[in-house]
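In what follows, a structure is listed as structure tokens, so that the remarks can point back to it.
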Amino acid sequence: MMQRRTLLGLALLASTPRARALPPRTLQFPRDFGSHPDLRTEWWYITGHAKAGQREFGLQVTFFRSRIDEARDMRSAFAAKQLVFAHAAITDLEGGKLWHDQRIARAGFGIASASEQDTGLQLRDWRLQRDASGYLANIAAEGFGFELRFSPTQPLLLQGQAGLSRKGPDPEQASYYYSEPQLATRGSIQLQGKRFEVEGTAWLDHEWSEAILHPEAVGWDWIGMNLRDGSALTAFRLRRKDGSALWHGGSFRSSDGRLRVFASDEVRFTPQHTWTSPRTRAVYPTRWQVETPAGSFGVRSLLDDQELDSAGSTGTVYWEGVSDLLDAAGKPVGRGYLELTGYVQALRM
């Protein structure tokens, strides 16, 4: 417990604002599949949905890397210069329950690592690795687990301007950011001792930055949606404490590969329904109307109670869950994930 508190304290120190603007650069692969320890914050984020017969699941695994500036000049091998966090979750739609677990450790000593050459993440017995066939996630968590392969079916999607994505009105708020939508998903999910062979579709985001949030921003609302016709929709807004939007962004790539990147004034999020957490009393908008240049869409969570308590690793509680995408007539046209942060307390990144 003491070690976890110490690591959590260091993680919070890592978010101390001291940002610099990121220069435009050409992302290079496979190098940029790997980690970027010179920048403060980084994550690899996979969300998806899968079925075993008629039983449906939402799934999520995220690995985070965080640079600890206070330890950069320390010579000791025990100095926590980089921290690795991980979250994993399964939404059992039939059972109406979210299963969640988390990990945190300093990099090194064979306990935690983030390869700089390619996607290769390890945190004790949790792993996310990329090979010629795609990504392989192995997660053994409390009450659940999964072994899943995520295989690309489309080219990489560079978000923002060729991979440099603005996240606020100042140039310091930006990240290098690419996505891999429409990942063919196959493998097994273990839940309370039962094994389910599943197939589905997933989405990967990889972002790294020096700072994302403007001082006025408390969190964000984000969707990553795989449409049934092969298209991919990203939309997000950064939000002030009073609920007003500070910044918008996103993109739409059609099934034929045409990409439209959204300007901040071209996106609008309007909440349609809220759910109040019985644990934190936070009020989360779990249904939205999202206006974009690619069309007007509804977003509807498939289970309202998908709140994740990650206070033991990142120090935050947020909402993240599998959701349907609806067209203007209310017809389901896709499925993906909705993420809502900063509703319990303000984020600092």
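The values are calculated or read from the model by the stated rules, or taken from the named source; none is laboratory data. Since the model is a prediction, treat every value here as computed from it, not as a measurement. Here Cβ is always computed from backbone atoms with ideal geometry, including for glycine, and neighbour counts include all displayed protein chains. Note: areas computed on protein heavy atoms with side chains; ligands, DNA, RNA excluded. Shrake-Rupley method; radii C 1.70, N 1.55, O 1.52, S 1.80 Å.
How many residues does region 107-128 contain that are over 22 Å from residue 57 (Cα atoms), of a type outside the set (A, V, I, L, M) and open to solvent by 60 Å² or more (accessible area, probe 1.4 Å)? Don't jump to the end; show me each part of the working.
As a first pass, look at region 107-128 and keep what is over 22 Å from residue 57 (Cα atoms): 107-125.
Within this subset, residues satisfying the condition of being of a type outside the set (A, V, I, L, M) are 108-110, 113, 115-120, 122, 124-125.
Narrowing further to those that are open to solvent by 60 Å² or more (accessible area, probe 1.4 Å): 109-110, 116-117, 124-125.
Of the residues in region 107-128, 6 are over 22 Å from residue 57 (Cα atoms), of a type outside the set (A, V, I, L, M) and open to solvent by 60 Å² or more (accessible area, probe 1.4 Å).
Pick out the one residue from 247, 220 that is in contact with a helix residue (DSSP H, G or I) (Cβ under 6 Å, 6 or more places away or on another chain) and at pLDDT 95 or above. Walk me through how you get there before you give the answer.
Details: 220 fails: in contact with a helix residue (DSSP H, G or I) (Cβ under 6 Å, 6 or more places away or on another chain).
Answer to the check: 247.
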What do you reckon, is residue 29 assigned to a strand (DSSP E or B) and either farther than 13 Å from residue 188 by Cα or touching a Leu at 6+ places or on another chain (Cβ under 8 Å) (or both)? no
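Among the residues of region 286-322, how many are among the polar types (S, T, N, Q), modelled with pLDDT of 95 or more and within 22 Å of residue 86 (Cα to Cα)?
Going through region 286-322, the residues among the polar types (S, T, N, Q) turn out to be 286, 289, 292, 296, 301, 306, 310, 313-314, 316.
Next cut, modelled with pLDDT of 95 or more only: 286, 289, 292, 296, 301, 306.
Checking the rest, the ones that are also within 22 Å of residue 86 (Cα to Cα) come to 306.
The total comes to 1.
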Identify, by number, the condition in (1) out of contact with any helix residue (DSSP H, G or I) (no Cβ under 6 Å at 6 or more places or on another chain); (2) of a type outside the set (Asp, Glu); (3) open to solvent by 20 Å² or more (accessible area, probe 1.4 Å); (4) more than 17 Å from residue 337 (Cβ to Cβ) that residue 287 doesn't meet. (4)
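Yes/no per residue for (1) at positive phi; (2) aromatic (Phe, Trp, Tyr); (3) surrounded by fewer than 21 Cβ atoms within 10 Å (Cβ to Cβ); (4) modelled with pLDDT of 95 or more:
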| residue | (1), (2), (3), (4) |
| --- | --- |
| 155 | no, no, yes, yes |
| 158 | no, no, yes, yes |
| 161 | no, no, yes, yes |
| 169 | no, no, yes, no |
| 184 | no, no, yes, yes |
| 190 | no, no, yes, yes |
| 193 | yes, no, yes, no |
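Are any residues in region 129-149 in a strand (DSSP E or B) and open to solvent by less than 60 Å² (accessible area, probe 1.4 Å), and if so, which ones?
Going residue by residue through region 129-149, those that are in a strand (DSSP E or B) are 129-131, 134-140, 144-149.
Listed by number, the residues that qualify are 134, 135, 136, 137, 138, 139, 140, 144, 145, 146, 148.
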Restricting the first residue to region 196-213 and requiring it to be over 30 Å from residue 172 (Cβ atoms) and of a type in the set (Ser, Thr, Tyr), which pairs with a second residue that is open to solvent by less than 20 Å² (accessible area, probe 1.4 Å) and modelled with pLDDT of 95 or more meet a Cβ separation below 7 Å and a spacing of at least six or different chains? 201/48; 201/183; 201/185; 201/226
Whether any residue in region 226-235 is more than 21 Å from residue 146 (Cα to Cα), touching a Leu at 6+ places or on another chain (Cβ under 6 Å) and either open to solvent by 20 Å² or more (accessible area, probe 1.4 Å) or in a strand (DSSP E or B) (or both) is what I want to check. no
Contact list please: Cβ distance under 6 Å, first residue in region 117-141 and within 15 Å of residue 184 (Cβ to Cβ), second residue of a type in the set (Asp, Glu) and open to solvent by 70 Å² or more (accessible area, probe 1.4 Å), pairs at least six apart or on different chains. none
Tell me, which residue of region 236-253 that is open to solvent by less than 20 Å² (accessible area, probe 1.4 Å) and either in a loop (DSSP other than H, G, I, E, B) or of a type in the set (Gly, Ala, Ser) (or both) is farthest from residue 340 (Cα to Cα)? 251
